[in-house]
Amino acid sequence: MSWVKSVASSEDVFDEDVDDISLQNKEWKYNMEKRAKDGFRDGSDAGKEASLQAGFNMGYTEGATKTTVIGQLKGIMSAVRCWCKVQLPGSPALASVTDLLQRLETHEDGLVEDMRKAQQRPPPSVTEMVDDMEDLNVEERNQGESLKPLLKCCLDLVTELGLPEELKLHIQQLIDT
């Protein structure tokens, strides 16, 4: 008797073709609606994934570039500090190099802290993601010292100490990065 419920009251209840057509139409409509919803959901999920992947790629590249520059500069200044200890013990240059190295470490710690805080926030909107990327920009850091002046101080100190031209060129390349 369930087929009786599916047939409209104005239709002939004994017409088997009407019943089959009506059920097929309802099934077709249900399947199409389900596929449309599933398609929308799949498309939405794929869009979110693609967007997140693009954001991850951009953030990873940005973070890796910035931390690489800081790491290279810390390495250079650590080597200069060792050189000063051997060649210029007790000179004011050693204190300047040590101070600059400490400032670089503070800058690096601030950058890592900014990235850690960005990770702990809930998933951002596109606008928030753009703002976060701008906040991580080393040249425009809100907290602490920006990297460009630190690079310039390193270059000035290496020049003042009369160290090889290749070292100055390498620091200049870091400034241009």
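The values are calculated or read from the model by the stated rules, or taken from the named source; none is laboratory data. Predicted, not measured: the structure shown is a model, and the values here were computed from it. In this analysis, Cβ positions are derived from the backbone assuming ideal geometry, glycine residues included, and neighbour counts consider all displayed protein chains. Areas reflect the complete protein model, heavy atoms only, side chains present, ligands, DNA and RNA absent. Shrake-Rupley method; radii C 1.70, N 1.55, O 1.52, S 1.80 Å.
Numbers below:
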read-out	value
Solvent-accessible ranking of ARG116, ARG103, ARG41, ARG35, largest area first, probe 1.4 Å	ARG35, ARG41, ARG116, ARG103
Accessible surface ranking that places the most exposed of CYS153, CYS82 first, with a 1.4 angstrom probe	CYS82, CYS153
Violating pairs (Cα-Cα greater than 27 angstrom) within the set LYS85/LYS117; LYS117/LYS148; LYS37/LYS117; LYS66/LYS117	LYS85/LYS117; LYS37/LYS117
Rounded to the nearest 10 Å², the accessible area of THR61 at probe 1.4 Å	80
Net charge contributed by nearby residues that have their C-beta within less than 11 Å of MET77 (K/R +1, D/E -1)	+1
Area of LYS152 that stays accessible when all protein chains are in place (1.4 Å probe, Å², to 10)	100
Length released on extending from GLU113 to GLU165, taking residue separation times 0.36 nm less the Cα-Cα span	15.3 nm
